[in-house]
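The values are calculated or read from the model by the stated rules, or taken from the named source; none is laboratory data. All figures in this text were calculated on a predicted structure; none of them were measured in a lab. No Cβ is skipped: glycine too gets one built from the backbone with ideal geometry, and neighbour counts run over all protein chains shown.
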Amino acid sequence: MKCQEVSKELIPYIDRRLDSATRSQVERHLADCAACRLRAEEFRGVWSMMEELPAIEPSFGFDAHVRQRVAAQLQRGWFLWFAPQARLAFSAVLLIALTVWIANRPANNPASVGPEPSAAATSSEQDFNAIKNLGVLENYDVVTKMDALSELVPASVQPPNQSDRDQTESND
């Protein structure tokens, strides 16, 4: 046996509660190991001092007195379970604050975030503007890959009016 195993079995060995096989293994180890033998002697010394102390007997009415004190203590009523506790109130306030904070956050809209919209947003906007006036779309892939659509001018970009051209010519 190793010292760790013997230290676990040392108190049952001193108290004579070990079976004979384990007892003989512990005795063999104690014969070889001086440190464990010293520890066993120290435990025997403590054991003998404890046996010399007088046993304290409780008074005659000790048990009845303890039961009476336990019964006299106030029992919590069932309605006290519904009383708010500090942790519950703190959790509720934190949950409400978090909900309000999330609800008031600005929407994460990539088209309105930066000074320039991304290329994907511009492309999808152009696709929408190109097809919004088409009555029936039977095959969207064919329509979006058509070369003629890329030459169309979006409705939002209008050619300059005749009056605008006249003003620019007169300024020159």
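In table form, for the structure just shown:
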| read-out | value |
| --- | --- |
| Residue among Pro84, Pro106, Pro58, Pro54 that alone is at pLDDT 85 or above and either loosely packed, with under 10 Cβ neighbours inside 10 Å or assigned by TED's automatic domain parsing to the domain that holds His29 (or both) | Pro54 |
| Residue identified as within 51 Å of the chain's Cα centre (by Cα), β-branched (Val, Ile, Thr) and at pLDDT below 90 among Val70, Val26 | Val70 |
| Extreme residue, surrounded by the fewest Cβ atoms within 10 Å (Cβ to Cβ), among residues of region 35-51 that are more than 50 Å from the chain's Cα centre (by Cα) and acidic (Asp, Glu) | Glu51 |
